[in-house]
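Written below as structure tokens is the structure these notes are about.
The values are calculated or read from the model by the stated rules, or taken from the named source; none is laboratory data. The structure presented is a predicted model; accordingly, all values stated were derived computationally and were not measured. Don't worry about glycine lacking a Cβ; one is built from the backbone with ideal geometry, like all the others, and counts go over all protein chains shown.
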Amino acid sequence: MGFSVNALLPRARTGGALKMGLYALPEEEWLQADADLAMRAAAFDAHPDSVQMTDATRPAGDELATMMGVAGGLEGAARSAWEDMCLLAPSAGQDVYRLIGAAVAFPTDWHPGDKIGLPLTALHAPIHGYEQQLASGVDHFMAKLKPGRIFGRCNWFVAPTPAFRWIEAEPPDLAFAHVTPENAGDTLFIRCERQTLRRLPATGAILFTIGVHVCALGELTGDNLQRMAHAVSTIPAEEARRRGAAYFAPQLASYAERHG
């Protein structure tokens, strides 16, 4: 899948219906090797609420840390890699997977404390169409995922900041107010999440990793610039509103037309 925005975008969904878009990954491509662990540590230290745990977290977190050759359970594992790490498992006697633990240094506009303990459908509630288009497929995949298999997927966001930790404090009309067709290459940023899923063999919990990669719009290859222009122009209206596309899409399209 690669470990950069330019490498990830060709496999990310453009417009149209939601889809999982999963790809099988070999073990050697699971996590990024050259991680900036100092940046990770600084983010966790500055935001202690980035780590959220339930009673079910410890066994799975300890298994994950042991698998990665580190100490400190879930948080120790997430501090040892570039990727944020979430653990999902069903409650006793249930088939519904819930978020039982999260160590998220670089969130994309969400707070782990708001999501901990929630089932998958509630976790994805802000995404229009998830329950109708994806929920049953995701549930089936989670139930059938075997230990030893690793799957990846990626997505994209258009952000007004290159910050790896992106918690939007302003409405989109203000957040993107500085963006023009002329400066969009330097003021719009493409944010990709490189996500992976695998089942831990002993506890049976599913590990969901999120590796964040960011670059300026002007750093995209020509093909990826046109891919982003197409993606932004074809996302469903409800999703476009959620992403605030009205406040960056015209500038992005104009920039892509002039630089494509």
**OP:** Considering only segment 55-69, state which residues are in a loop (DSSP other than H, G, I, E, B) and surrounded by fewer than 16 Cβ atoms within 10 Å (Cβ to Cβ).
**Re:** Asp55, Gly69
**OP:** Could you grab the pairs with beta carbons closer than 6 Å, sequence gap of 6+ or different chains, first residue in segment 95-117 and under 11 Å from Ser50 (Cα atoms), second one at pLDDT 90 or above and assigned to a loop (DSSP other than H, G, I, E, B)?
**Re:** Phe106/Phe164; Phe106/Arg165; Pro112/Val104
**OP:** Looking at (1) modelled with pLDDT under 95; (2) over 26 Å from Ser50 (Cβ atoms); (3) among the charged types (D, E, K, R), find the lone condition where Asp186 falls short.
**Re:** (1)
Original post:
When you look at Ala38, is it out of contact with any strand residue (DSSP E or B) (no Cβ under 9 Å at 6 or more places or on another chain), more than 23 Å from Arg199 (Cα to Cα) and without any contact (Cβ under 8 Å) to a residue 12 or more places away in the chain, yes or no?
Top reply: yes
Subject >> Qualifying positions in segment 29-48 - part of a helix (DSSP H, G or I) and either surrounded by 11 or more Cβ atoms within 10 Å (Cβ to Cβ) or modelled with pLDDT under 95 (or both) >> reply: Glu29, Leu37, Met39, Arg40, Ala41, Ala42, Ala43, Phe44, Asp45
